[in-house]
Amino acid sequence: MSVSDTVKYTLEENEMPKQWYNIAADLPEPPTPPLHPGTGQPLGPEELEPLFSRAVIEQEMSSERYIDIPRPVRDIYRQWRPSPLYRARRLEQALDTPARIYYKYEGVSPAGSHKPNTAIAQAFYAREEGVKRLTTETGAGQWGSSLALAGSMFGLDIEVYMVRVSFNQKPYRRAFMESFGATCIASPSDGTDAGRAILAEDPDSRGSLGIAISEAVERAMQREDTKYVLGSVLNHVLLHQTVVGLESMRQFELADDYPDTIVACTGGGSNFGGIVFPFLGEQLRGGEKVDIVAVEPANCPTLTRGKYAYDFGDTAHLTPLVKMHTLGSNFVPPGFHAGGLRYHGMAPLVSQCTDLGYVKPVSYDQKVCFEAGLRFARAEGILPAPEANHAVVAAMDAALECKASGESKAILFNLCGHGHFDMPAYMDFAAGKLHDQQYDEADMAMALAGLPTVEA
């Protein structure tokens with residue numbers, strides 16, 4: 001039997017979305033507001049301005065269904081958007097499944113992931129408001145790479161605090177950032193009060209996204225010409241990513257099909273919200289129902305084991321309080337290779353949709369994810385990022401369920417980035433050096449016990 005070809009569904013340049021979709025307009029109850037960490041009261045826009053650009057603050061708090069994408073942002077998007085949607089016929093044949101497997105491939109961006117969709121937008125808004133410098137954190141380095149790229153396009157200085165374990169695991173990500181003029185610093189560092197406090201307690205700290213956020217926020221608050229930007233979690237970030245799902249909807253029209261199941265990995269929630277929210281919004285407005293699967297690492301199980309509560313987004317407690325599924329802001333996950341999924345909290349909008357029953361969360365250990373990633377690569381010719389492997393394994397499991405039941409369902413997953421900068425992880429896996437690290441139950445219990453008290 002010959003191997004069937006993968007089928008590519010492409011859109012014309014003029015079919016790229018001109019607006020982002022805001023799911024807050026269609027939820028049955030409004031999103032929970034961010035709270036002031038001192039007073040416990042909802043924050044107003046003016047209280048967020050020391051950290052963020054005014055335009056993204058407006059988007060963060062907006063309930064408008066559609067928000068225009070500025071022309072300069074769309075002009076840059078055109079370098080890689082619309083991104084392709086593939087029908088994975090080779091993978092279907094390898095799995096011997098009646099399922100129809102589709103994947104939206106975001107690795108075609110210059111940085112190799114979905115992250116430039118929001119990096120370009122946030123850098124544009126900052127430049128328009130006269131900002132000269134942006135600070136941020138990064139886990140696996142995909143967000144830092146994307147912001148470095150965006151900073152070079154808009155003439156902004158970029159300072160990135162990279163979680164130390166990833167800083168050591170992924171030297172090529174650091175090299176990528178520096179190639180575009182950004183400064184990349186291992187976190188925790190001795191250059192901030194937050195970093196020095198962590199190092200005083202644990203000189204060998206492997207770091208966490210919560211710690212790196214604290215350092216980036218602290219640096220942004222020290223200069224008037226500087227703003228802080230985030231690559232996931234917040235409403236405006238997920239908003240920018242909905243170009244992924246909006247394009248996918250149009251591409252499914254070309255395929256004369258519609259997904260029964262949508263799968264995406266979840267760390268902070270940006271690629272998940274990006275592909276899922278347009279379809280979920282359609283469902284909430286009376287359209288077709290879809291089964292939605294959020295896939296997270298078993299050793300940072302925010303949705304499957306975390307508490308839905310108000311918490312800080314960072315370890316030093318410099319950020320506002322947001323209601324989300326959280327493992328506690330002091331939780332430091334093991335140093336597994338999917339660095340973009342090592343965050344203690346989940347996006348408030350993703351958390352709310354999960355709490356309302358629209359999302360099914362599942363978790364996997366990293367070895368089975370790498371096994372699935374290699375099987376996918378050998379069928380489809382694309383080596384996924386470690387984060388994306390979580391979506392791959394869950395989509396394959398859904399396809400195998402179809403094989404067992406004889407059902408022919410359409411399964412869509414977001415291949416949110418390639419693994420070309422993650423070859424040391426694949427080398428470790430091939431050499432048998434990659435292990436399923438376990439978090440400490442006592443550490444998680446202690447972190448959850450330290451959640452802030454917020455009046456109802």
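Out of the range 405-422, which residues are surrounded by fewer than 19 Cβ atoms within 10 Å (Cβ to Cβ) and either acidic (Asp, Glu) or touching a residue at least 24 places away in the same chain (Cβ under 8 Å) (or both)?
Hits for the range 405-422 are 406, 407, 408, 409, 420.
Can you find, within the range 285-301, the residue that is surrounded by the most Cβ atoms within 10 Å (Cβ to Cβ) among those that are in contact (Cβ under 8 Å) with a residue 24 or more places away in the chain and not hydrophobic (A, V, I, L, M, F, W, C)?
Initially, the range 285-301 is screened for residues in contact (Cβ under 8 Å) with a residue 24 or more places away in the chain, giving 285, 288, 290-301.
Subsequent filtering for residues that are not hydrophobic (A, V, I, L, M, F, W, C) retains 285, 288, 291, 296-297, 299, 301.
Details: 285: 10, 288: 10, 291: 15, 296: 27, 297: 29, 299: 20, 301: 18.
My answer is 297.
Residue under question is residue 152, and the condition is that it be over 22 Å from residue 234 (Cα atoms), more than 17 Å from the chain's Cα centre (by Cα) and of a type outside the set (D, E, K, R); does it hold? Considered against the rule, which asks whether it is over 22 Å from residue 234 (Cα atoms), more than 17 Å from the chain's Cα centre (by Cα) and of a type outside the set (D, E, K, R), residue 152 comes out as yes.
Contact map, the range 211-222: first residue touching a residue at least 40 places away in the same chain (Cβ under 8 Å) and farther than 14 Å from residue 162 by Cα, second residue aliphatic (A, V, I, L, M) and part of a helix (DSSP H, G or I), Cβ cut-off under 7 Å, separation 6 or more or different chains; pairs are 218/194. I need the full set of residues from the range 287-312 which are within 15 Å of residue 355 (Cβ to Cβ), part of a strand (DSSP E or B) and among the hydrophobic types (A, V, I, L, M, F, W, C), in order please. 292, 294, 309, listed by residue number. For the range 368-382, the condition of being of a type in the set (A, V, I, L, M) and buried (at least 24 other Cβ atoms within 10 Å of the Cβ) holds for none of the residues. The conditions of being closer than 19 Å to residue 319 by Cβ, among the aliphatic types (A, V, I, L, M) and crowded, with 24+ Cβ neighbours inside 10 Å are met by residue 194. Name the residue that is surrounded by the fewest Cβ atoms within 10 Å (Cβ to Cβ), counting only residues in the range 18-41 that are polar (S, T, N, Q) and either under 23 Å from residue 454 (Cα atoms) or without any contact (Cβ under 8 Å) to a residue 24 or more places away in the chain (or both). In this case the residue turns out to be 39.
Residue-wise test of (1) over 30 Å from residue 400 (Cα atoms); (2) of a type outside the set (Ser, Thr, Tyr); (3) touching a residue at least 60 places away in the same chain (Cβ under 8 Å).
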site: 73; (1), (2), (3): yes, yes, no
site: 86; (1), (2), (3): no, no, yes
site: 107; (1), (2), (3): no, yes, yes
site: 110; (1), (2), (3): yes, yes, no
site: 121; (1), (2), (3): yes, yes, yes
site: 131; (1), (2), (3): yes, yes, yes
site: 146; (1), (2), (3): yes, no, yes
site: 155; (1), (2), (3): yes, yes, no
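Set side by side, the residues 93, 122 differ, and just one is polar (S, T, N, Q), in a helix (DSSP H, G or I) and surrounded by fewer than 23 Cβ atoms within 10 Å (Cβ to Cβ), which is 93.
Where a number appears in this text, it was derived from the coordinates with a stated rule and is not lab data. Quantities reported herein were computed from a predicted structural model and do not represent experimental measurements. As a convention, Cβ positions derive from the backbone with ideal geometry for all residues, glycine included, and neighbour counts pool all protein chains shown.
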